[in-house]
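Undergrad: What follows is a structure written as structure tokens; I'll ask about it next.
Read-outs: derived from the displayed coordinates by stated rules, not from any lab. All of these numbers come straight from a predicted model, not from anything done at the bench. Here the Cβ positions follow ideal geometry from the backbone for every residue, glycine too, while neighbour counts run over all protein chains shown.
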Amino acid sequence: MQPNAGRITTHVLDTSKGAPAAGMQIELYFIKGSGKEESNIQVAASWTNSEGRLDSPLLHDGKLTEGEYELRFHVDRYYAQSVHTEQNPVLWTVVPIRFAVLDARSHYHIPLLIAPGGYSTYRGS
């Protein structure tokens, strides 16, 4: 792998529709410290395109460093775009996913599968 080739990417699928989640805001934070000394530093923000993907990586070009990060998926704003009945209420507001970057030269692809009543994630490729 080339030096500085590390990057963070994501995509979002709406499993209730069986389709990509277009128009979802995503923020990326670097977590500095821990406990009461913890601070969250926003390092990137973007919106998903019509394919539920970002047009470019959240971090790349040598900007990725080792440490703890948190993706924040604004699912409440995404679901506000569509109508939901009381039988299918949206529970989530913001879905945070924390993960550790252990090798700043690696690709960290963190997808989100979302529905009004549940979500799942994994490390993709």
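Undergrad: Could you pull out the trypsin sites (Lys or Arg not before Pro) across the stretch 1-78 that fall in loop regions by DSSP (anything but H, G, I, E, B) with no more than 13 other Cβ atoms inside 10 Å?
TA: Here the trypsin sites (Lys or Arg not before Pro) that fit, given the DSSP loop and packing criteria, are Lys17.
Undergrad: Now a separate question. About the Cα centre of the stretch 7-121, how large is the charge dipole given +1 on each Lys and Arg Cβ and -1 on each Asp and Glu Cβ? Please answer in debye to the nearest 20.
TA: 80 debye
Undergrad: Taking Cα centroids, how far is the stretch 47-70 from the stretch 103-125 in Å?
TA: 11 Å
Undergrad: So, counting K/R as plus one and D/E as minus one, what does the shell of residues with Cβ under 15 Å around Ser50 add up to? All intermediate terms of the calculation are to be shown ahead of the outcome.
TA: On the way: positive: Lys17, Arg53; negative: Asp14, Glu51, Asp55.
Once positives and negatives cancel, what remains is -1.
Undergrad: Could you give the length gained by full extension between Ala45 and Ile97, i.e. 0.36 nm per residue of separation minus their alpha carbon distance, to one decimal place?
TA: My answer for the length gained is 17.3 nm.
Undergrad: How far apart, in nm, are two points set 7 Å out from the Cα along the Cα-to-Cβ line at Glu68 and at Lys32?
TA: Placing both labels 7 Å along Cα→Cβ, they lie 1.5 nm apart.
Undergrad: Moving on. Give the cross-link partners of Lys63 among the aspartates and glutamates, using a straight C-alpha distance below 20 Å as the criterion and excluding same-chain residues fewer than 8 apart.
TA: Cross-link targets: Glu27, Asp55, Asp103.
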